[in-house]
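Readers should treat all values here as calculations from the given coordinates under stated rules, not as data from a laboratory. Fair warning: this is a prediction, and the values are worked out from it, not measured in the lab. Neighbour counts are summed over all protein chains in view; Cβ atoms, including those assigned to glycine, are modelled from backbone coordinates with ideal geometry.
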Amino acid sequence: MKKAFVIGGVSMDSIIHLEQFPPQKSATIFSQDSYTTIGSTGGGKSICLQKLGMNTTFHAMIGADDSGNAIRKILCEHGVEFINDLDPRGTEEHVNLMDREGRRLSIFTKTSSFEPQVYIPRIIPYIQNCDYLVLNIINYVRKLIPEAKRYKKEIWCDIHDYDGQTEYHKDFIEAADYIFMSSDELVEYEEFMEQMIRQKKKLVVCTHGSKGVSAITAEGKKFRLPILGQYKRVDTNGAGDNFFSAYLYAHSKGYPVQTCLEYGTIAAGLCINSKSIVNPSLSPEILKNEHEKYYR
């Protein structure tokens, strides 16, 4: 069984579905639905990878509070090995307002420490022994980039809605071997993707929400896939993390890039078809069956 080590990014999220985002005035609004779930980029990736049969370890910062305890329980229930350091500010919490088009307005109601105390010696053995290392763009994670390089680990990194200019992302972009991103804030995303390939990245993948996904390999081969419209949209939270994780899973099986992109597209579709950050029915068998149904 392949070992994946995911570092950084977990929260407890309150999801509130609205017909439309609130107007810019005082108002009373009735939600269509609301619930609380584990969130953030590391939480989604680690659960998804574990459900796809990878032996997954996850490190993140949580607080000594109810939200932190809930996160421990959820990850344990999914079989994820969770190691953490305590954040004195407490566990990060978000309120995600979702409109009928699936768009999200995320409000950070409790933020984690920007420079928390992390016991790096405990983390190093997991870096040494993993087959796949996923570094999320949480500030403390950049301290682990030198360790990844020391042990010659390829770095998989999701830079999310990078705008092409923000300095915060620079260390992660320079260190990554495999880059995933979205085009939400970057109009000239193709130019950026090609620039990354010139800088010797092994793969760059850019998701476009309802408009599908683009990819470029180290050899300069380009791909473009549409979404699968067969999945009814229930909640779009976690779609990008599911795409990333299913792609990595397919890659670990030695599948070609086209198939990896198809697996990612299926996992994202299954994700938005449920209220959970990862569809409860997700499994290698489900991915294989869905792939046979839609791509063969």
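One table, with the values for the structure above:
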read-out	value
Modelled FRET efficiency - R0 35 Å, residue 273 with residue 109, Cβ distances, 0.05 increments	0.80
Neighbourhood charge, 13 Å Cβ-Cβ cut-off, centred on residue 160 and excluding it, Lys, Arg +1 and Asp, Glu -1	-4
Magnitude of the charge dipole, segment 204-296, Cβ model with Lys/Arg +1 and Asp/Glu -1, debye to 20	240
Cα lying deepest toward the dipole's positive end in segment 5-156, options 82, 40, 144, charges on Cβ	144
Cα shape, segment 72-225, gyration tensor, a/c 1.5 rule	oblate
Sparse-neighbour loop sites [GluC sites (Glu not before Pro); segment 82-168; at most 15 other C-beta within 10 Å; DSSP]	101, 154
Cα centre as origin, Lys/Arg/Asp/Glu Cβ charges: the chain dipole, Debye	800
Computed lengthening from residue 1 to residue 35, 0.36 nm per intervening residue step minus Cα-Cα distance	8.8 nm
Farthest toward positive dipole pole in segment 158-296 [+1 Lys/Arg, -1 Asp/Glu at C-beta], among 259, 183, 160	259
Alpha-carbon centroid distance for the pair segment 180-216 / segment 1-56, whole angstrom	23
Zone residues, segment 1-27, relative to residue 152, backbone N less than 19 Å from point 7 Å out along Cα-to-Cβ	3
Of 121, 88, 226, the one that fluctuates the most in a GNM where the chain has Cα springs shorter than 10 Å	121
Relative contact order (percent, whole number), segment 208-266, Cα cutoff 8 Å, 6+ residue spacing	28
Average Cα contact separation per residue, the chain, under 8 Å, 6 or more apart, as relative contact order %	16
Neighbour-limited loop hits for GluC sites (Glu not before Pro), segment 179-257 (at most 16 other Cβ within 10 Å; DSSP other than H, G, I, E, B)	185, 188, 219
Amide H contacts of residue 182 (H built 1.01 Å from N, under 5 Å, at least 5 apart or other chain)	160, 161, 162, 207
Segment 49-139 - percent relative contact order, Cα under 8 Å, separation 6 or more	24
Total charge dipole magnitude, segment 69-181, about the Cα centre, Cβ charges on Lys, Arg, Asp, Glu only, Debye to nearest 20	280
Whichever aspartates and glutamates have a C-alpha closer than 13 Å to that of residue 202, once near sequence neighbours (fewer than 8 apart) are set aside	154, 174, 177, 194, 219
Qualifying GluC sites (Glu not before Pro) for segment 1-84 [loop in DSSP, other Cβ within 10 Å: at most 11]	19
FRET efficiency estimate (nearest 0.05) - Cβ-Cβ, residue 190 to residue 99, R0 30 angstrom	0.60
Over 20 Å between alpha carbons, listed pairs 45/170; 2/45; 2/170	45/170; 2/170
Inter-site label distance for residue 129 and residue 163 at 7 Å from Cα along Cβ, in nm	4.2
Residue order, fewest to most surrounding Cβ atoms within 10 angstrom, among 52, 105	105, 52
Zone of residue 117's modelled label, taken as backbone nitrogen in segment 63-86 under 13 Å from a point 7 Å along Cα→Cβ	85-86
Among 241, 66, 33: highest mean-square fluctuation, GNM of the chain, C-alpha pairs under 10 Å	33
Label assignment, Cα extents along the principal axes in Å derived from the structure, set (i) 55, 45, 35; (ii) 75, 41, 33; (iii) 54, 46, 40	(iii)
Radius 10 Å from Cβ of residue 61, net charge of other residues (Lys, Arg +1; Asp, Glu -1)	-2
